[in-house]
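Visitor: Please see the structure below; I have some questions.
The values are calculated or read from the model by the stated rules, or taken from the named source; none is laboratory data. Just so we're clear, the structure is a prediction, and the values are computed from it rather than from any experiment. Every residue, glycine among them, receives a Cβ derived from its backbone with ideal geometry; neighbour counts consider all protein chains shown.
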Amino acid sequence: MVRQHGPASYDPFVIPAPRLLFAVAAGGVVGAVLRHGAGELAPDGPGFPWTTFAINVVGCALLAGLELLPIARRSATWAAALGPGVLGGFTTFSATSEQGRSLLAAGDTALAGCYLLGTLAVCLLVVTVVGRYAPPLPEEDEL
């Protein structure tokens, strides 16, 4: 999969192929179930929402590394299923925003600021590290 950059890479008037829409939808179900399961296994307690924080950091790292997978490089369908699908359903900006709002409403301004800014900073850091240092996995014919 070759990623295009610049104005030619996006056309709002082009409807994605149905298989891509289905791949995103199916992947989104998987990602949302994984996120829900993580929340059930390790629910956020009072204070810092560690589970949601971890979900977002891990999801950002995996999304940054998606292009490293041969299957995502070769197949737009798999890239759509895994990227905006699974990882889009797994990560959660809406829960992060709501948890930040809740901390602010409880009067915990410092913790809310640490949580919201910390989430953004750590996610950007892991995306940078993965993008800079992780080597692409070899194609099957290169093994």
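Visitor: For residues that are surrounded by fewer than 19 Cβ atoms within 10 Å (Cβ to Cβ) and not in a helix (DSSP H, G or I), tally how many sit in segment 68-103.
Guide: 2
Visitor: If you check THR51 against the conditions, is it at pLDDT below 95 and of a type in the set (Val, Ile, Thr)?
Guide: no
Visitor: Listed residues PHE53, PHE13, PHE22; which is surrounded by 16 or more Cβ atoms within 10 Å (Cβ to Cβ) and either aromatic (Phe, Trp, Tyr) or in contact with a Ser or Thr (Cβ under 9 Å, 6 or more places away or on another chain) (or both)?
Guide: None of the other options fit; the residue is PHE53.
Visitor: List every residue pair whose Cβ atoms lie under 6 Å apart, where the two residues are 6 or more positions apart in sequence or sit on different chains, the first residue falls within segment 31-43 and is under 18 Å from GLN99 (Cα atoms), and the second residue, located anywhere, is of a type outside the set (S, T, N, Q).
Guide: Sorted first by the residue in segment 31-43, then by its partner, the pairs are ALA32/GLY89; ARG35/ILE55; ARG35/PHE90; ALA38/ILE55.
Visitor: Confirm whether SER75 is modelled with pLDDT under 95 and within 15 Å of the chain's Cα centre (by Cα).
Guide: no
Visitor: Going through segment 9-45 one residue at a time, which ones are part of a helix (DSSP H, G or I) and either of a type in the set (Val, Ile, Thr) or touching a strand residue (DSSP E or B) at 6+ places or on another chain (Cβ under 8 Å) (or both)?
Guide: VAL24, VAL29, VAL30, VAL33
Visitor: Moving to a separate point now. Which condition does LEU103 not pass, out of (1) touching a helix residue (DSSP H, G or I) at 6+ places or on another chain (Cβ under 6 Å); (2) at pLDDT below 95; (3) more than 19 Å from ALA26 (Cα to Cα), if it passes all the others?
Guide: Going through the list (1) touching a helix residue (DSSP H, G or I) at 6+ places or on another chain (Cβ under 6 Å); (2) at pLDDT below 95; (3) more than 19 Å from ALA26 (Cα to Cα), LEU103 breaks only (2).
Visitor: For segment 59-97, which positions are β-branched (Val, Ile, Thr) and in contact (Cβ under 8 Å) with a residue 12 or more places away in the chain?
Guide: THR77, VAL86, THR91, THR92, THR96
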